[in-house]
Structure formats: C-alpha cells, structure tokens
Amino acid sequence: MSTISQSNITIPFPPLGTNYLVTLVISIPLLLTGTVLLLILTPILIAVHVFLTPETCHHLIFALNGFGLLLGLTQGAVNIYLEVHTMLSLTVAESRGAFISYPALAFFGPFVVESTLVICLAAVYPWRVTPKVKYWIILLIPITFKLIQAINVAVFLHNSVVAPNGRNTIVAAGYSWGNWQTKFKWIMQAVDNGSVKPCIYIRVHHD
C-alpha cells in the first residue's frame, strides 16, 4: 500500500481576511465605537430638526451644532469604512484621503461644537456694557486655546501623512494613542472648556 507524501499536499490559503484574525481584536472595538457614535448622534440630529423653529434656524449656534453633528456622523461612517477595510484587506494600503479624514473629523467635530461656547461667552459679556480690556481678555483666552489646538492637529496630520506606516489603520491607531500630540489635544480641550464654562455660569448666575 502506497502512502501519500505530505510534501505533495498543498494547503490552500484561507479566504482574504481570515488569515489576519488577530486584527479583529483591535478592529472590532473600534468598529463598535463608530457604530455607537452613529446610533447616538442620529436621534440627536433628528430631535434638533423636530424642535426647529423659524427663529432658531437663523441662529449661528444652531448652525454650528447641526454642522458639528453632521461631522460626527461622517466620522462614524468613516470609522466603520476604515475598520471594515482593515479586517478584509489588511495588506492593501488605505487611500490617503480616507486615512487622514478620520483624525481630521475627530478634531474638527468637537472644535465646531466647542466654538459655540465662545459665542455664548460673547453673548453673556456684551460688547457695549463690558469693559473693553475685560472683554478682550475673556474672549482671547479661549480663542488662543483653539488656535493652539488647530496648529497642534495640523502638525499631527502632516506627520501622519509622511509617517512610514503604509497607511494602515491599526498602525495609525497605535501611533495616535501613543503620540504626545493626542494627549496634548485632550489637555488643551479640558483647559479650554474648563476656563469658558465657569465664566458663562458665573455671569448667568450673577445676573
């Protein structure tokens, strides 16, 4: 009886994507994050339009909040696309536009919404009744923080483009979480919001 030599047996490669099961450990939590983001922001956007009145639709704050929600929805959709692409085609480099769009949306979405706080600050400290030095100090502090954040993110996005990571989402995620610029952005956001909201609260409570 002849025996079959194992060296003559060719084991086929598994379907594309299944040979990178380790990527699921990272991609699935990020995929769920994007899905939850869409599920949370969608009813909020619907509620905003349900309670829309002719008066509020002309307010800049409403426009910024609506635009921020749309950016958040776009961020969630881009996140889902990137993670699905990573799980199915890990070895295929992502397009530069899609690769950079997620961190850009992750910054500009909150940036637009937080800009409404500056408008509220200007509303509770009117130009006509507030001493000019005090007025500019109150407004220039959050504006300066936002400019610093914008410069920081612009440098971060530039470094992400030229970084030798092959435009791989998993590598980029590790680079983003461990990068000092990401942590600096969080600190600046906390300091920015922490300096603006008490000023608004104190003014409203005082009046």
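The values are calculated or read from the model by the stated rules, or taken from the named source; none is laboratory data. Because the structure is predicted, anything quoted here is derived from the model rather than measured. Here the Cβ is made from the backbone with ideal geometry for all residues, glycine too, and neighbour counts use every protein chain on show. For the accessible areas, the whole protein counts, side chains as well, though only heavy atoms, and no ligand, DNA or RNA atoms are used. Shrake-Rupley method; radii C 1.70, N 1.55, O 1.52, S 1.80 Å.
State whether one or more residues within the stretch 117-137 are of a type in the set (K, R) and part of a helix (DSSP H, G or I). Among the residues of the stretch 117-137, at least one is of a type in the set (K, R) and part of a helix (DSSP H, G or I), which makes the answer yes.
Of all residues in the stretch 86-114, those that are closer than 15 Å to F145 by Cβ and either free of Cβ contacts under 8 Å to residues at least 12 places away in the same chain or open to solvent by 30 Å² or more (accessible area, probe 1.4 Å) (or both) total 3.
Among the residues of the stretch 124-139, is any surrounded by 19 or more Cβ atoms within 10 Å (Cβ to Cβ) and either touching a residue at least 24 places away in the same chain (Cβ under 8 Å) or among the basic types (K, R) (or both)? Yes, the conditions are met somewhere in the stretch 124-139.
Could you tell me whether F99 is part of a helix (DSSP H, G or I), in contact with a Lys or Arg (Cβ under 7 Å, 6 or more places away or on another chain) and of a type in the set (F, W, Y)? Judged against the criteria, F99 is a match. Cβ separations smaller than 8 Å between residues 6+ apart or across chains give the following pairs from the stretch 55-80 residues that are over 19 Å from F107 (Cα atoms) to residues that are open to solvent by 60 Å² or more (accessible area, probe 1.4 Å) and not β-branched (V, I, T): F62/L52.
Quick check on the stretch 29-44. Is at least one of its residues more than 17 Å from I80 (Cα to Cα) and either modelled with pLDDT under 75 or not in a helix (DSSP H, G or I) (or both)? Scanning the stretch 29-44 turns up no residue that is more than 17 Å from I80 (Cα to Cα) and either modelled with pLDDT under 75 or not in a helix (DSSP H, G or I) (or both). Selection of the stretch 45-60 for residues being in a helix (DSSP H, G or I), modelled with pLDDT under 75 and open to solvent by 60 Å² or more (accessible area, probe 1.4 Å) yields only H58. Whenever a residue of the stretch 187-201 is β-branched (V, I, T), it has no partner that is surrounded by fewer than 15 Cβ atoms within 10 Å (Cβ to Cβ) and outside any helix (DSSP H, G or I) lying with C-beta atoms less than 8 angstrom away and at least six residues away or across chains. In the list V161, V171, which residue meets the criterion of being under 25 Å from L90 (Cα atoms), out of contact with any helix residue (DSSP H, G or I) (no Cβ under 7 Å at 6 or more places or on another chain) and either modelled with pLDDT under 80 or open to solvent by 70 Å² or more (accessible area, probe 1.4 Å) (or both)? After ruling out the rest, the residue left standing is V171.
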